[in-house]
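The values are calculated or read from the model by the stated rules, or taken from the named source; none is laboratory data. Since the model is a prediction, treat every value here as computed from it, not as a measurement. Because the Cβ atoms are built from the backbone with ideal geometry, glycine has one as well, and the counts that use them run over all protein chains shown.
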């Protein structure tokens, strides 16, 4: 390092000097603090405004269609009537606003 730490061009990173390691750091934003950077910074967080939505979180069957694990194909498992299929109340809302259901037998 030449002794000068320069900012990168991204408005979505926190730039700072790591003097202990003689490095410039450009850390992608994580607005909700869930440990996952937002999509717009190259991260994998599908909703950086919601701490309960991030890859690896447990998907729940909920009537709001919330995508807790950032995978629109998983909708949580609930089979109230015991027919082997996930309840129709379990869905995710896709980027286009349409509901995504799991119609496979479990």
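To keep it simple, each residue is scored yes or no on (1) surrounded by 13 or more Cβ atoms within 10 Å (Cβ to Cβ); (2) in contact (Cβ under 8 Å) with a residue 24 or more places away in the chain; (3) more than 25 Å from residue 100 (Cα to Cα); (4) touching a strand residue (DSSP E or B) at 6+ places or on another chain (Cβ under 9 Å).
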{"position": "24", "(1), (2), (3), (4)": "yes, no, yes, yes"}
{"position": "30", "(1), (2), (3), (4)": "yes, no, yes, yes"}
{"position": "33", "(1), (2), (3), (4)": "no, no, yes, no"}
{"position": "37", "(1), (2), (3), (4)": "yes, no, no, yes"}
{"position": "41", "(1), (2), (3), (4)": "yes, yes, yes, yes"}
{"position": "47", "(1), (2), (3), (4)": "yes, no, no, yes"}
{"position": "51", "(1), (2), (3), (4)": "yes, no, no, no"}
{"position": "60", "(1), (2), (3), (4)": "yes, no, no, no"}
{"position": "65", "(1), (2), (3), (4)": "yes, yes, no, yes"}
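Reported count of residues in region 1-49, each being assigned to a strand (DSSP E or B) and at pLDDT below 85, is 12.
If you check residue 83 against the conditions, is it at pLDDT 90 or above and either loosely packed, with under 11 Cβ neighbours inside 10 Å or in a strand (DSSP E or B) (or both)? Spelling it out, residue 83 is indeed at pLDDT 90 or above and either loosely packed, with under 11 Cβ neighbours inside 10 Å or in a strand (DSSP E or B) (or both).
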